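Report on the following structure.
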Amino acid sequence: MPVFVHKNLPVGKIVFIGDSITDSGRKSDPVNLGHGYVRLIRDYYVLEGLGSKIEVCNRGISGNRVTDLASRWEKDVINEKPDFLTISIGINDVWRQLDQPGMKQVMPDDFRRIYEQILDEATAKTKARLILMEPTVIEEDLQSEGNRKLIPYINTVKDLALKYNAILVPAHQAFTEVLHVNERVPLTTDGVHMTSTGNLLMAKSWIESVSQVI
């Protein structure tokens, strides 16, 4: 028997693409799902009795920025022919500005331009319903330099969700709400990568946002 009932959960092929937060060790996982929020979403479908009605594809790669998504978009998105496409990107576009300032950076204008390009390609070449996830956080301190720099990237995701009639998953908002109550809640292991609590919060945000719209 299903544990919880969300009548509007999408069924079909769901591709998740992003960085290490999405990847979450999928290459060492026999079913290539990793051990993060993507697996939790798949597991939720199983508990709902919908496991046989979906195909979950994890296409996260550690270290990716939006420029990296663009370079592999044809192979990892278009060729997969998804029914639903979830994109989670932006953390490394900011984090590299902090930990590798000497490398060529993806600034907010570049981020928006390239993100629009890959969304244009997705809408032109697939029939996928788009699901855009806000970047999460860079440190649990909401006033950290990383979180301040993240704001225009989050705003871009919100703007593009409206422009492309995509489902917005307010992941940053969800993290912010938790941290406003208690900034000592360990949602990340190192300021970026998720604890089990952080992964659960991402999965919960995705399920709630998607099931309200589909």
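The values are calculated or read from the model by the stated rules, or taken from the named source; none is laboratory data. Since the model is a prediction, treat every value here as computed from it, not as a measurement. Here the Cβ positions follow ideal geometry from the backbone for every residue, glycine too, while neighbour counts run over all protein chains shown.
All but one of (1) over 21 Å from VAL66 (Cα atoms); (2) in a helix (DSSP H, G or I); (3) at pLDDT 95 or above hold for GLN212; which doesn't?
Single failed check for GLN212: (3).
It is to be established whether one or more residues within the stretch 114-127 are part of a loop (DSSP other than H, G, I, E, B) and either under 16 Å from ASP19 (Cα atoms) or at pLDDT 95 or above (or both).
The initial filter retains those residues of the stretch 114-127 that are part of a loop (DSSP other than H, G, I, E, B), namely 126-127.
If we keep only those that are either under 16 Å from ASP19 (Cα atoms) or at pLDDT 95 or above (or both) too, we end up with 126-127.
Yes, some residue in the stretch 114-127 is part of a loop (DSSP other than H, G, I, E, B) and either under 16 Å from ASP19 (Cα atoms) or at pLDDT 95 or above (or both).
Please state which of the following conditions ASN165 fails to meet, knowing it meets all the rest: (1) out of contact with any Lys or Arg (no Cβ under 6 Å at 6 or more places or on another chain); (2) buried (at least 16 other Cβ atoms within 10 Å of the Cβ); (3) not small (Gly, Ala, Ser).
(2)
Take the residues in the stretch 153-208 that are touching a residue at least 60 places away in the same chain (Cβ under 8 Å) and of a type in the set (Phe, Trp, Tyr); name whichever of them is farthest from GLU116 (Cα to Cα).
The selected residue is TRP206.
Of all residues in the stretch 14-29 being charged (D, E, K, R) and touching a residue at least 12 places away in the same chain (Cβ under 8 Å), which is surrounded by the fewest Cβ atoms within 10 Å (Cβ to Cβ)? Give the steps one after another, and end with the answer.
Of the residues in the stretch 14-29, the ones charged (D, E, K, R) are 19, 23, 26-27, 29.
Next cut, touching a residue at least 12 places away in the same chain (Cβ under 8 Å) only: 19, 23, 26.
On the way: ASP19: 26, ASP23: 24, ARG26: 22.
Here the answer is ARG26.
Any residue at all in the stretch 151-158 that's under 16 Å from the mean Cα position of the chain (by Cα), under 19 Å from LEU130 (Cα atoms) and charged (D, E, K, R)?
Looking for residues that are under 16 Å from the mean Cα position of the chain (by Cα), under 19 Å from LEU130 (Cα atoms) and charged (D, E, K, R), one finds at least one in the stretch 151-158, hence yes.
Determine which single condition VAL157 fails, assuming it passes every other condition in (1) outside any loop (DSSP other than H, G, I, E, B); (2) out of contact with any strand residue (DSSP E or B) (no Cβ under 6 Å at 6 or more places or on another chain); (3) at pLDDT 95 or above.
With (1) outside any loop (DSSP other than H, G, I, E, B); (2) out of contact with any strand residue (DSSP E or B) (no Cβ under 6 Å at 6 or more places or on another chain); (3) at pLDDT 95 or above applied to VAL157, the lone miss is (2).
Could you list, in sequence order, the residues of the stretch 168-191 that are part of a helix (DSSP H, G or I), in contact with a Leu (Cβ under 9 Å, 6 or more places away or on another chain) and either among the polar types (S, T, N, Q) or surrounded by 13 or more Cβ atoms within 10 Å (Cβ to Cβ) (or both)?
Within the stretch 168-191, the subset part of a helix (DSSP H, G or I) is 171-181.
Next, only the ones that are in contact with a Leu (Cβ under 9 Å, 6 or more places away or on another chain) stay: 171-172, 174-176, 178-180.
Residues satisfying the conditions are ALA171, HIS172, ALA174, PHE175, THR176, VAL178, LEU179.
Listed here are the residues, each with its yes/no results for (1) surrounded by 20 or more Cβ atoms within 10 Å (Cβ to Cβ); (2) small (Gly, Ala, Ser); (3) at negative phi.
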| residue | (1), (2), (3) |
| --- | --- |
| VAL31 | no, no, yes |
| TYR37 | yes, no, yes |
| SER52 | no, yes, yes |
| ILE78 | no, no, yes |
| ILE89 | yes, no, yes |
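Can you find a residue in the stretch 153-165 that is on the phi > 0 side of the Ramachandran plot and charged (D, E, K, R)? First the steps, then the outcome.
So in the stretch 153-165, the residues on the phi > 0 side of the Ramachandran plot come out as 165.
Next cut, charged (D, E, K, R) only: none.
So far as the stretch 153-165 goes, no, none of its residues is on the phi > 0 side of the Ramachandran plot and charged (D, E, K, R).
Starting from the stretch 116-134, take each residue that is at positive phi and touching a residue at least 12 places away in the same chain (Cβ under 8 Å) and list its partners that are surrounded by 18 or more Cβ atoms within 10 Å (Cβ to Cβ) and in a helix (DSSP H, G or I), counting only C-beta distances under 6 angstrom and pairs at least six apart or across chains.
Partner pairs satisfying both residue conditions: none exist.
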